[in-house]
Amino acid sequence: MLILSIESSCDETAVALVEDGRRVLTDQIFSQADLHAVYGGVVPEIAARSHLEVISLLAERALEAAGKTRHDIDAVACTYAPGLIGAVLVGVNFAKSAALALGVPLIPVHHIRGHIAANYLAFPELEPPFLCLAISGGNTMLVDVRGYTDMAVLGQTRDDAAGECFDKSARVMGLGYPGGKPIDDLAKQGDDRRYDLPRPAVHGDNPFDMSFSGLKTAVINIAHRCDQTGEALDKAGLAASLCRAVSESLVGRTMEALESLGYDRLAVAGGVAANSRIRADFEAACRAADVKLFIPPLRLCGDNGAMIGAQAYYEYLVGHTADSSLNAYATMPLS
Ligand code: KG4
């Protein structure tokens, strides 16, 4: 089954062609990062307008790259939530029109389910059940993936996502947007004990909930203090200390969640899964605990259309299709 899949929830316009949920024929991505960099973050109206400008062209290019015509398409899938509402709307309306014009099913996909499914593309042997830590710019959650479409959120951030913490820290350190990658690169030259950063504590019943706003504020305060007192800011040391703090907050909870579920397989997904420190720490923790670890290659960690096509196939198999009344949503529970 050949699925034309659309992703437009934030600042990447992406169109892919995916066969039977596992084989990527083409994955076209147009990143808007340069358009937003000057503002230090994503401007929703600019994002929506840019999606509108390139989405048709990208779909044509995807067909050409895969050597297919529109008559080969068996279904059209799109991210319908969560995301920047104007941005998601562009992808949803394009997908609705394409499905209607071609007379094929329309499959709505939850963006985080898509991130989780990126692992199916990278690891053909991976099947549920497994635990997934989804870490992106807008979401941070631990998901019990009981089946391809049967999932339960074990815990999630109470405030900022891990990616937001990287992006806002990078901004105050003058590293530009998006900030995760520059912080990751700089951290390699720094001392990860240079600054004493808090490990986010979360009060309440759920031991798997997380918090990153306190950590973000601590980094901002250090940068401002240096600014005001003339003390030199050790940017590499701060980047390394931040990567260590984020990683330790994620790894401990995730390993406890694995143990509580009795699973021996862990998948990590989302843009922040590209972070070298987080990848290395999970590799070490999983080796020690005899857990099999799945982390997609970098190109499948960030937003892409192929992951939407992968999840769409499994949603279709259980009848999760929509008609032209499909709407876009800024927020939506995962399950
Ligand atoms: O999954 P994604 O592409 O978009 C969302 O669905 O949000 O994630 C984007 C996030 C941004 O916050 C970006 O700074 C972060 O992923 N990111 C990283 C790295 N590469 C991207 N964070 C830490 N280290 C990286 N190497």
quick shape note, the stretch 83-202: Cα extents on principal axes in Å, largest first -> 59, 33, 29
Among 284, 228, 301, whose Cα sits farthest toward the positive end of the charge dipole of the stretch 213-326 (+1 at Cβ of Lys/Arg, -1 at Cβ of Asp/Glu, about the Cα centre)? 228
Would you compute, from DSSP H runs of 4+ residues alone, the mean residue ellipticity of the chain at 222 nm, taking -39500 (n - 2.57) per run and dividing by the full residue count, rounded to the nearest 500? -14500 deg cm²/dmol
About the Cα centre, charge dipole magnitude for the stretch 181-323 (Lys/Arg +1, Asp/Glu -1 at Cβ), debye: 380
Under 23 Å between alpha carbons, and skipping anything fewer than 8 positions from residue 216 in its own chain: which lysines qualify? 168, 181, 188, 235
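Suppose we take every Cα in the stretch 237-290 and form the convex hull; what volume per residue is that in Å³? Working shown, then result.
Values: hull volume 3.8 nm³, N = 54.
So the per-residue Cα hull volume is 71 Å³.
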With Cβ to Cβ distances under 10 Å as the rule, what net charge do the other residues near residue 294 carry (K, R +1; D, E -1)? +1
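Using only the C-alpha atoms of the stretch 188-319, find the volume of their convex hull and express it per residue in Å³.
So the per-residue Cα hull volume is 157 Å³.
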Over the stretch 1-153, what portion of Cα pair distances is larger than 28 Å, expressed as a whole percent? 20
Report the residue, chosen from 203, 36, 51, that carries the largest GNM mean-square fluctuation when the chain is represented by alpha-carbon nodes joined by springs under 10 Å. 203
Give the cross-link partners of residue 96 among the lysines, using a straight C-alpha distance below 27 Å as the criterion and excluding same-chain residues fewer than 8 apart. 68
Residue of 47, 232, 245 that the Gaussian network model of the chain assigns the largest fluctuation, springs spanning Cα pairs under 10 Å: 232
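Taking every pair of distinct Cα atoms and averaging 1/r, then inverting, what Kirkwood hydrodynamic radius in Å comes out for the chain?
Kirkwood hydrodynamic radius for the chain: 20.2 Å.
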Quick P(r) readout (the stretch 85-143; Cα-Cα; 5 Å bins; whole %) gives 4, 14, 19, 18, 16, 14, 12, 2
Would you mind telling me the antiparallel percentage of the DSSP bridges in the chain, rounded to 5? 60
Short version: what are the Cα gyration tensor semi-axes of the stretch 175-264, square root of 5 times each eigenvalue, largest first, in whole Å? 29, 15, 10
Stretched out fully, how many nm does the piece from residue 152 to residue 327 gain, at 0.36 nm a residue minus the Cα gap? 60.7 nm
Which FRET efficiency, nearest 0.05, do residue 65 and residue 232 yield, Cβ-Cβ r, R0 45 Å? 0.35
Given contacts defined as C-alpha pairs under 8 Å and at least six residues apart, what's the relative contact order of the chain, whole-number percent? 25
Largest to smallest principal axis extent of the C-alpha atoms in the stretch 249-334, angstrom: 49, 28, 22
Taking springs between alpha-carbon atoms closer than 10 angstrom, which of 228, 156, 311 fluctuates most in the Gaussian network model of the chain? 228
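Any read-out appearing in this document is the output of simple, stated calculations on the displayed coordinates, not a laboratory observation. Every value quoted in this text rests on a predicted model; they were computed, and no experiment measured them. Backbone-built Cβ (ideal geometry, glycine too); neighbour counts: all protein chains shown.
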